[in-house]
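Worksheet for the structure shown next.
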Amino acid sequence: MKTQNLFSIILIIVLAISATIKIIHHERTVSDMMMQVFPISWAKYLAWAQPTFQLLLSLALVSHQYNRIGLVACSGYFALLVIYSASVLSGFYQYQPCSCIGLFKGLNWVENLGLHSATFLIAMFGLYHRQATVFLKSIFTKKERRLKKRTA
């Protein structure tokens, strides 16, 4: 298994499980969203938007053609979750919202911050590794062309 695929596979698993749980337990997801800092009127839309976006990210990561876009989007998505978790922990909001919206229901905000940071780093490592692989392939392809020209 290629290492770059490993990063994508980990992200696909995390995103697909999270989205599936949110869709299966949609009513609970809506009530969890209502306990966040967003306006209550947004809850029903966010309860569909988040798992839909997570599934789209998963599909992008599965596709070789869109894998890079998926890794960039995952990096951005998890960066936003890191910022949100850090802002909750820093007391930025008037009250501390429920930490129940995450993948694991029993996590507190510190643990959520750790999970989001880890998935952000996985996406960044995947993106870095993908770029390095593309760069190395282009170098070897150029060398092969030069060798063919010399032997021809």
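Bear in mind these aren't lab numbers, they're just calculated from the coordinates by the rules spelled out. Model, not experiment: these values are computed from the prediction. Backbone-built Cβ (ideal geometry, glycine too); neighbour counts: all protein chains shown.
Taking region 47-81 as the region of interest, how many residues are of a type in the set (A, V, I, L, M, F, W, C) and surrounded by fewer than 20 Cβ atoms within 10 Å (Cβ to Cβ)? It would help to see each step written out before you state the result.
Of the residues in region 47-81, the ones of a type in the set (A, V, I, L, M, F, W, C) are 47-49, 53, 55-57, 59-62, 69, 71-74, 78-81.
Okay, now just the ones that are also surrounded by fewer than 20 Cβ atoms within 10 Å (Cβ to Cβ), so 48-49, 53, 55-56, 59, 62, 69, 72-73, 79-81.
Residues that pass the stated criteria total 13.
Counting only residues that are more than 18 Å from S18 (Cβ to Cβ) and in contact (Cβ under 8 Å) with a residue 40 or more places away in the chain, region 53-87 holds 3 of them. Taken together, the residues in region 32-52 that are out of contact with any Phe, Trp or Tyr (no Cβ under 7 Å at 6 or more places or on another chain), closer than 21 Å to C98 by Cβ, free of Cβ contacts under 8 Å to residues at least 40 places away in the same chain and assigned to a helix (DSSP H, G or I) amount to 12.
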